[in-house]
Amino acid sequence: MRFTIFIPRHNTTFPPPPHRQHLRTLFDGDFTLVRDRGLDHAVEREKNLKPLLNLRNLIKHEPSKSLPVSLIRESIQLPFRPIDFVRKYPSVFEEFNLGGGFEPHIRLTPEAVELDVDEGFMYNSELFKHQVADRLLKLLMISKIHKIPLRVIEGLRWDLGLPQDFAKSMIPEFPDYFRVIGTGGNAVLELVCWNKDLAVSVLEKKMGSKGKELAFPLQFSTGFKMDNKYEKWLREWNKLPYVSPYENAGHFSASSDESDRWVVGVLHEILHLLVSKKTDKDNVLVLGEWLGLASRFKRAILQHPGIFYLSSKNRTYTVVLREGYKRGLLVEDNPAMEFRRKYIHLMNTVKKDSKKQKVVKGKSSTKEGIVKDCEGKEGEEKCDRDENRKEEQEEGSSELSDSEDEDASETVVDDDEEVSARGNRRSSANRRGRNLVEMKLGDKKPSRDSRRERPGGKITRKTWKKNPSEGSKRIQTRGEYKDVRSSPQRSRLSKSRERTFTKNTVV
């Protein structure tokens with residue numbers, strides 16, 4: 001025999017570690033996203049600016065300071081055809097033929113060259129170099145291992161305001177801040193010395209105290225709607241203790257609100273380091289992947305629309321820090337952004353030569369339309385008829401001017417009558433249609449008070465008396481109603497109807 005013994009199982013529950021106690025979970029509320037016109041306009045304002053400056057740098061580094069159009073497509077990517085892109089901004093680029101050749105070459109205008117020289121002085125100034133070095137140092141201190149690959153920094157070069165050759169020109173000038181390790185694709189920028197003065201977030205500087213009661217400023221678009229659950233959760237979330245992005249928050253659970261608040265602080269600080277307070281979503285995710293926060297960055301952007309704004313302008317997604325803008329304009333100005341505004345102004349300016357070309361094109365369009373009408377067999381026949389008519393009219397006018405020979409004038413008058421009769425038969429319907437259109441467009445409707453009155457006080461009504469000859473002419477010119485009865489038959493029918501009517505009335 002077999003015996004089965006049941007042993008009771010005691011579930012022992014251990015208390016959670018102290019750093020995981022009293023943690024709140026993520027919200028389950030609902031809200032509707034709304035577009036922000038001011039921030040969308042701030043993103044759309046820089047459309048085509050980045051490829052334009054890339055083309056400028058390509059032309060600038062050429063020994064002849066010019067470039068054939070065929071090499072542009074092989075070197076950089078433009079939103080559309082290189083020649084169309086160049087012709088769209090005539091105040092920045094000039095098109096010319098080198099040595100009488102057929103291939104067009106491109107060079108910078110004097111205004112663009114002058115602006116580029118001023119921008120070079122800005123990059124070489126000591127104050128600007130120190131500002132850029134401080135931003136790179138703060139970015140390295142945010143990283144856990146205090147290292148960032150150069151390829152990741154290259155993706156953020158435009159947003160950080162770095163010069164084009166920052167790895168060779170700027171980084172060697174600050175050996176106490178950072179250094180480059182490795183070569184090629186494995187090159188990494190490493191932190192050399194921690195700076196306590198710079199390890200302070202922007203939010204801590206604004207609030208003046210480091211620690212617990214620091215709330216993120218919230219700005220929502222007009223028309224934004226949220227339910228009570230999300231509003232209550234957001235109010236409690238913003239009261240949680242603030243953890244600096246320069247501190248390690250590995251003891252927080254990834255699904256807790258405390259961890260979410262720290263991730264929002266990291267992304268908030270990174271966007272504040274950028275000169276434009278915005279960047280592409282791909283750059284955020286690439287940097288977050290290196291920091292180990294890619295998925296949490298994505299969740300923070302979607303979960304906090306009062307702190308971050310995601311714009312879909314310029315055929316991409318751009319993450320914008322709401323705190324950095326007010327009514328679509330940057331709150332904190334920067335020398336790099338000042339030069340970008342100057343380039344945008346130069347892109348939008350139109351030269352006088354281009355205006356004249358547009359006017360000439362508008363005048364020549366009527367001639368081109370006439371030429372297009374004369375294309376084809378039917379068009380050529382019409383044009384030949386019109387030319388013949390004009391020649392006949394000119395000949396007739398010249399012959400009528402000769403008043404010395406009376407015999408000649410008589411023959412000319414007879415010929416003119418025949419020609420005019422033929423012309424009138426052909427163009428009678430067209431003239432009537434034109435006259436009616438002109439009368440309808442030119443004449444104003446008479447008011448009630450403008451009617452003429454008889455001396456007896458009765459108002460006269462104008463009636464249009466139809467001439468029978470006009471109706472017959474219309475039928476002849478249109479070529480319609482060929483089987484219509486003749487006029488005497490109509491008169492007989494009308495007389496017979498009158499007789500029957502009188503007989504009926506007499507009876």
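FYI, it's all coordinate maths here, none of it is from the lab. As the structure is a prediction and not an experimental result, all values here were calculated from the model. Positions of Cβ are backbone-derived with ideal geometry, glycine not excepted, and every protein chain shown enters the neighbour counts.
Some notes on this structure:
- Within region 324-341, being in contact (Cβ under 8 Å) with a residue 60 or more places away in the chain and out of contact with any helix residue (DSSP H, G or I) (no Cβ under 8 Å at 6 or more places or on another chain) holds for 334, 337.
- Every pair of residues 6+ apart whose Cβ atoms lie under 8 Å, when the first sits in region 211-239 and is farther than 24 Å from residue 327 by Cβ and in contact (Cβ under 8 Å) with a residue 40 or more places away in the chain while the second is in a helix (DSSP H, G or I) and not acidic (Asp, Glu): 237/261
- When residue 292 is tested against (1) under 26 Å from residue 258 (Cβ atoms); (2) surrounded by 16 or more Cβ atoms within 10 Å (Cβ to Cβ); (3) in contact (Cβ under 8 Å) with a residue 60 or more places away in the chain, only condition (2) is not met.
- Residues (crowded, with 22+ Cβ neighbours inside 10 Å and among the charged types (D, E, K, R)) located in region 243-260: 260
- Filtered residues of region 136-167 (kept if surrounded by fewer than 19 Cβ atoms within 10 Å (Cβ to Cβ) and among the basic types (Lys, Arg)): 144, 147, 151, 157
- Residues of region 63-82 that turn out to be small (Gly, Ala, Ser) and farther than 15 Å from residue 108 by Cβ, as a count: 2
- Residues of region 137-159 that are over 19 Å from residue 293 (Cβ atoms) and not aromatic (Phe, Trp, Tyr): 137, 150, 154, 157.
- Hits in region 289-331 (condition: part of a helix (DSSP H, G or I), basic (Lys, Arg) and farther than 14 Å from residue 39 by Cβ): 296, 298, 299
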